[in-house]
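Peer 1: Quick one: this structure, given as structure tokens, is what I'll be asking you about.
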Amino acid sequence: MSVIFHLDLDAFFVSVERILDPSLEDKPVIVGGDPHGRGVVTACSYEAREYGLHSAMPIRNAFRLCPHGIYLHGHFEEYVRFSDLVRNILEPYAPVMQQASIDEFYMDFTGCGKIYGHPLYFASRIQEEIWNKLKLPCSIGIASNKTVAKISSDFMKPHGITYVVPGQEKYFLAPLPVEAIPGVGKVTLGIMHSKGIKKVADILRLPENYWESSMGKAGSDLYRKAKGEGKQFISPPQERKSISKERTFNDDIVDKTEIEGYLFKLTGKVCQSLRDYDWMASTISIKLRYSDFSTLTRARTIDPTDDDEAIFETARTLFHQAYTRRVGVRLIGIHLTNFEEYSYQESLFTNHREIRKRMLRAVSKIRDKFGYKSIRMGSA
């Protein structure tokens, strides 16, 4: 029988902010930016959730519910750094691991009982190590498949451990609300509630062919998940296909120079990620969204590079080609694809290009150690 762990870092962004600023402890903290802006809640503390706040809620609505909360723009580079530190703790233990997101990890410990002992004991050991080393709380779900492991990691939050005994998956899920099943969104939930289906057990009162005929493959998947079935193995990590950054403005911008300034900053961040992976990108795309929500993209393929200057100049050219209307801009983004591994060969004759490559790598190392804002590139 498979033994799958799903580790979820509790209110991860908020937990990192509290490490950076301990005065935030026990206070309603909301990560997402300006409470009077257009953004959404990226994360919120459990104290904030008591007021009805949740992730993806429009931040203006959050402010109406919790005006005394502490609203932060967040430190994404720190979230990435702490996520990497958690991964470094887990990798020596897990024979197979899959990072599902910045704060979620699946691990396959099938056949490891003689090495690590009972799964509950070992989960407690992992949880304690992450807390002692990083002061990050996490919850762990243990089950015979990925679906039930993920659901069970939410069962005892925060800082909880839930072990679903093999063979008891269906009975564990039965009393839970249907929205506990991954993939049940607002539309599906509304349809199910209209039919009087509110608990997972209610799904199984109708045959699988009913769900398949009404919802197609998604309905069949829903039925099997309600029975406690799911993938019993973890897929090996797949190579990242793209790197992107976007910025949504609080107020629409019409000044091209100002928009270019934001594009320059976004370019610096995607290029930093590019060098962290030891990659070069060939295809650069920009995304432009006008104030009326019409969205367009432009792309160009160039020689493989990790150089901020070359990528920004391409992105800027694409932006000028795309921005043809006398309408404010709501969002600007940059997207890199078509990667290949970085290669560097020593030369007897050092030229400007080689010096710049070394400089960019040095900048990346400094940022990795001291944070992205510790050193900045000049804008043309």
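Peer 1: Return the pair list, or none, for Cβ contacts closer than 6 Å from residues in the range 287-310 that are free of Cβ contacts under 8 Å to residues at least 60 places away in the same chain and over 17 Å from Tyr262 (Cα atoms) to residues that are among the basic types (Lys, Arg) and surrounded by 14 or more Cβ atoms within 10 Å (Cβ to Cβ), at least 6 apart or on different chains.
Peer 2: Partner pairs satisfying both residue conditions: Thr295/Arg289; Asp306/Arg275.
Peer 1: If we keep just the residues of the range 1-41 that are in contact with an Asp or Glu (Cβ under 7 Å, 6 or more places away or on another chain) and surrounded by fewer than 16 Cβ atoms within 10 Å (Cβ to Cβ), which is nearest to Arg64 (Cα to Cα)?
Peer 2: The qualifying residue nearest to Arg64 (Cα to Cα) is Lys27.
Peer 1: Let me ask another. Starting from the range 76-100, take each residue that is over 15 Å from Ile19 (Cβ atoms) and list its partners that are surrounded by fewer than 16 Cβ atoms within 10 Å (Cβ to Cβ) and at pLDDT 95 or above, counting only C-beta distances under 8 angstrom and pairs at least six apart or across chains.
Peer 2: What qualifies is Ile89/Glu129; Ile89/Lys133.
Peer 1: Restricting the search to the range 3-37, which residues are assigned to a helix (DSSP H, G or I) and within 21 Å of the chain's Cα centre (by Cα)?
Peer 2: Phe12, Phe13, Val14, Ser15, Val16, Glu17, Arg18, Ile19, Leu20
Peer 1: Another question, if that's okay. Please specify each residue of the range 272-318 satisfying the condition of being part of a strand (DSSP E or B) and hydroxyl-bearing (Ser, Thr, Tyr).
Peer 2: Ser282, Thr283, Ser285, Tyr290, Thr295, Thr297, Thr301, Thr305
Peer 1: Thr295 fails exactly one of the following numbered conditions: (1) more than 26 Å from the chain's Cα centre (by Cα); (2) surrounded by fewer than 20 Cβ atoms within 10 Å (Cβ to Cβ). What is the number of that condition?
Peer 2: Thr295 satisfies all of (1) more than 26 Å from the chain's Cα centre (by Cα); (2) surrounded by fewer than 20 Cβ atoms within 10 Å (Cβ to Cβ) except (1).
Peer 1: For Leu274, are the conditions met, namely being in contact (Cβ under 8 Å) with a residue 60 or more places away in the chain, crowded, with 16+ Cβ neighbours inside 10 Å, within 30 Å of Phe105 (Cα to Cα) and in contact with a strand residue (DSSP E or B) (Cβ under 8 Å, 6 or more places away or on another chain)?
Peer 2: yes
Peer 1: Please enumerate the residues belonging to the range 58-74 that are free of Cβ contacts under 8 Å to residues at least 60 places away in the same chain and crowded, with 17+ Cβ neighbours inside 10 Å.
Peer 2: Ile59, Ala62, Phe63, Cys66, Gly69, Ile70, Tyr71, Leu72
Peer 1: So for the range 88-105 (the condition being crowded, with 16+ Cβ neighbours inside 10 Å, within 26 Å of Lys265 (Cβ to Cβ) and at pLDDT 90 or above), does at least one residue qualify?
Peer 2: Yes: one or more hits.
Peer 1: Going by what's in this entry, would Lys245 be described as touching a residue at least 40 places away in the same chain (Cβ under 8 Å), of a type in the set (Lys, Arg), surrounded by 15 or more Cβ atoms within 10 Å (Cβ to Cβ) and in a helix (DSSP H, G or I)?
Peer 2: Considered against the rule, which asks whether it is touching a residue at least 40 places away in the same chain (Cβ under 8 Å), of a type in the set (Lys, Arg), surrounded by 15 or more Cβ atoms within 10 Å (Cβ to Cβ) and in a helix (DSSP H, G or I), Lys245 comes out as no.
Peer 1: Quick one: which residue in Ile203, Ile197, Ile253, Ile284 is at pLDDT 90 or above, under 26 Å from Ala100 (Cβ atoms) and among the aliphatic types (A, V, I, L, M)?
Peer 2: Of Ile203, Ile197, Ile253, Ile284, the one residue that is at pLDDT 90 or above, under 26 Å from Ala100 (Cβ atoms) and among the aliphatic types (A, V, I, L, M) is Ile203.
Peer 1: For the range 143-193, name all the residues that are outside any helix (DSSP H, G or I) and of a type in the set (Val, Ile, Thr).
Peer 2: Ile161, Thr162, Val164, Val165, Ile181, Val184 - these are the residues of the range 143-193 that are outside any helix (DSSP H, G or I) and of a type in the set (Val, Ile, Thr).
Peer 1: Then there's this: Condition (residue is under 29 Å from the mean Cα position of the chain (by Cα), surrounded by 16 or more Cβ atoms within 10 Å (Cβ to Cβ) and either in contact (Cβ under 8 Å) with a residue 60 or more places away in the chain or closer than 19 Å to Thr147 by Cα (or both)) applied to the range 196-206: is it met by at least one residue?
Peer 2: Scanning the range 196-206 turns up at least one residue that is under 29 Å from the mean Cα position of the chain (by Cα), surrounded by 16 or more Cβ atoms within 10 Å (Cβ to Cβ) and either in contact (Cβ under 8 Å) with a residue 60 or more places away in the chain or closer than 19 Å to Thr147 by Cα (or both).
The values are calculated or read from the model by the stated rules, or taken from the named source; none is laboratory data. Being a predicted model, the structure only gives us computed values, none of them experimental. A quick note on method: Cβ atoms are made from the backbone with ideal geometry, for glycine too, and the neighbour counts reach across all protein chains shown.
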